[in-house]
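Asker: I have a structure here, written as structure tokens, and I will follow up with some questions on it.
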Amino acid sequence: MSAAGNSLPDRNDRRIRLAQGADVKALAGLINIAFRVELPFIEGDRINADGVREYMKKGKFLLAEDRVGLAGCVYIEVRGDRGYLGLLGVEPRRQGTGLGRKLMDAAENLFRAANCVAIDLRILSARTPLPVFYRHLGYVETGTAPLPSDAPVKVPCHFILMSKSLA
């Protein structure tokens, strides 16, 4: 592949939009590519198209796109006066460009518009860099929770629960 084929679009060429039904297959692919980092801890793909559709019944996905295509996503769900955020994923070549932060900002703004007082999320304990990332964005650890008993884990791990006040 030529150097031009490896180049990525300028950050200013990105847009964020809500996912639609036609995005399901590409969204599942993006999530699985972005979450490949979990393969030492969890067996197999993170999600399939049916799983994405199930999430879309309860909440929404924000998608980041650029000239090349789908670049990132985050799942958002309003739960009463709190927001729940998950599946923040950025296509591996675009990681480290600020896109994850941009998606987080967009999600937080939607939760504010929905009059949420706080945002909750959970991360896999084996993903040791993630608490630092989320703490930098103002989230604090609030506890832990077990993974589902049928989770295909390769090593012992649990969820770390984090929250951020929007007040």
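The values are calculated or read from the model by the stated rules, or taken from the named source; none is laboratory data. The shown structure was predicted, so the numbers you read here are calculated from the model rather than taken from an experiment. Virtual Cβ from ideal backbone geometry, glycine too; neighbours counted across all protein chains shown. Accessible surface is based on the protein model in full, side chains and every heavy atom, while ligands, DNA and RNA are left aside. Shrake-Rupley method; radii C 1.70, N 1.55, O 1.52, S 1.80 Å.
Asker: Within the stretch 30-49, track down each residue that is open to solvent by less than 60 Å² (accessible area, probe 1.4 Å) and in contact with a strand residue (DSSP E or B) (Cβ under 8 Å, 6 or more places away or on another chain).
Answerer: Across the stretch 30-49, the qualifying residues are LEU30, ILE31, ALA34, PHE35, GLU38, PHE41, ILE42, ILE47.
Asker: Still on this structure, please answer the following. Got a sec? Which of ASP81, ASP66 is closer than 22 Å to LEU110 by Cα, over 14 Å from the mean Cα position of the chain (by Cα) and either small (Gly, Ala, Ser) or at pLDDT 95 or above (or both)?
Answerer: None of the others qualify; the one that does is ASP81.
Asker: Suppose we keep only residues that are free of Cβ contacts under 8 Å to residues at least 12 places away in the same chain and not charged (D, E, K, R) within the stretch 131-167. Which one would you say is surrounded by the fewest Cβ atoms within 10 Å (Cβ to Cβ)?
Answerer: Result: SER149.
Asker: From the residues in the stretch 110-126 that are touching an Asp or Glu at 6+ places or on another chain (Cβ under 7 Å) and surrounded by 15 or more Cβ atoms within 10 Å (Cβ to Cβ), which one is farthest from GLY86 (Cα to Cα)?
Answerer: Filtering the stretch 110-126 for residues that are touching an Asp or Glu at 6+ places or on another chain (Cβ under 7 Å) and surrounded by 15 or more Cβ atoms within 10 Å (Cβ to Cβ), the one farthest from GLY86 (Cα to Cα) comes out as CYS116.
Asker: Given GLY59, GLY98, which one is surrounded by fewer than 21 Cβ atoms within 10 Å (Cβ to Cβ), out of contact with any Gly (no Cβ under 6 Å at 6 or more places or on another chain) and modelled with pLDDT of 95 or more?
Answerer: GLY59
Asker: Just to be sure, is MET104 more than 25 Å from ASP13 (Cα to Cα), at pLDDT 95 or above and crowded, with 16+ Cβ neighbours inside 10 Å?
Answerer: no
Asker: Could you tell me which numbered condition MET1 fails, if it satisfies all but one of (1) modelled with pLDDT of 95 or more; (2) aliphatic (A, V, I, L, M); (3) part of a loop (DSSP other than H, G, I, E, B)?
Answerer: Of (1) modelled with pLDDT of 95 or more; (2) aliphatic (A, V, I, L, M); (3) part of a loop (DSSP other than H, G, I, E, B), only one is false for MET1: (1).
Asker: Okay, moving on. Return the residue satisfying two criteria in turn: it lies in the stretch 78-95 and is surrounded by fewer than 20 Cβ atoms within 10 Å (Cβ to Cβ) and charged (D, E, K, R), and of such residues it is nearest to LEU27 (Cα to Cα).
Answerer: Per the criteria, the residue is ARG93.
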